[in-house]
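Peer 1: The structure is given below, and queries will be raised subsequently.
The values are calculated or read from the model by the stated rules, or taken from the named source; none is laboratory data. Remember, it's a predicted structure, so these values are computed and weren't measured experimentally. Backbone-built Cβ (ideal geometry, glycine too); neighbour counts: all protein chains shown.
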Amino acid sequence: MATFKMAEWEFNAPKWCRFSNCGLYKLPEGEGEKDYHCHDCDEYLIVIEGKGELLLEDRVYKIISGDCVCIPIYCKHQILKALEDFTLVWIYDELKGEKRKGHIPAEEGNKPTLPAKLVKIGHWMEEKPEWSRLTDLGILNFPKGKIEMDYHYHDCCEYYFLAKCSDS
């Protein structure tokens with residue numbers, strides 16, 4: 001098992017992991033991304049707090065806590081504005097195509113793409129896009145205080161992203 005800070009991912013990601021990058025993204029109310037872009041990978045935006053406006057292939061969507069936006073390779077997108085303080089986990093799956101890292105300007109993404117999909121957490125198994133290789137996903141909220149561990153295993157890789165916590 002590997003545990004590390006998100007800022008270390010690019011340099012210390014486990015060798016067995018096929019994600020090209022991932023992280024936690026926070027936007028205060030009223031702020032947004034600066035560029036309309038795409039990626040040389042599939043991307044997942046898992047909204048864990050707040051709500052925002054997302055431009056996805058020239059159409060605007062309101063996204064809220066509990067949404068997972070599944071964005072296939074070359075699909076153009078931009079978070080236009082946080083409608084309230086906004087936090088999400090983003091995952092770049094393995095690089096494909098030209099294998100360029102990071103944001104690619106939208107005008108360079110004029111290649112055929114599969115359809116993006118907005119899936120509500122808790123409905124992944126029934127609604128996940130056919131092109132996604134993720135088997136399942138969800139959001140866990142642990143109560144304060146001592147919790148009993150649930151030791152288990154899967155026939156796949158499993159990831160946990162600690163998105164917020166308190167010192168108490």
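Peer 1: Would you please list the contacts, defined by Cβ atoms under 6 Å and residues six or more apart or on different chains, that run from a residue in segment 1-30 that is over 18 Å from GLY102 (Cα atoms) and hydrophobic (A, V, I, L, M, F, W, C) to a residue that is at pLDDT 75 or above and surrounded by 15 or more Cβ atoms within 10 Å (Cβ to Cβ)?
Peer 2: Pairs that qualify, where the first residue is over 18 Å from GLY102 (Cα atoms) and hydrophobic (A, V, I, L, M, F, W, C) and the partner is at pLDDT 75 or above and surrounded by 15 or more Cβ atoms within 10 Å (Cβ to Cβ), are LEU27/ALA82; LEU27/PHE86.
Peer 1: Hey, among the residues in segment 15-31 that are loosely packed, with under 13 Cβ neighbours inside 10 Å and over 17 Å from the mean Cα position of the chain (by Cα), which one's modelled with the lowest pLDDT?
Peer 2: Checked segment 15-31; the qualifying residue modelled with the lowest pLDDT is TRP16.
Peer 1: Of everything in segment 49-60 that's under 16 Å from GLU84 (Cβ atoms) and in a strand (DSSP E or B), which residue is modelled with the lowest pLDDT?
Peer 2: GLU49
Yes/no matrix, rows are residues, columns are (1) crowded, with 20+ Cβ neighbours inside 10 Å; (2) at pLDDT 95 or above; (3) assigned to a loop (DSSP other than H, G, I, E, B); (4) not basic (Lys, Arg):
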site: GLU33; (1), (2), (3), (4): no, no, yes, yes
site: VAL47; (1), (2), (3), (4): yes, no, no, yes
site: LEU80; (1), (2), (3), (4): no, yes, no, yes
site: GLU84; (1), (2), (3), (4): no, yes, yes, yes
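Peer 1: Then there's this: Quick check on segment 89-121: of everything there that is small (Gly, Ala, Ser), assigned to a loop (DSSP other than H, G, I, E, B) and modelled with pLDDT of 85 or more, which residue is farthest from ALA13 (Cα to Cα)?
Peer 2: The residue in question is ALA116.
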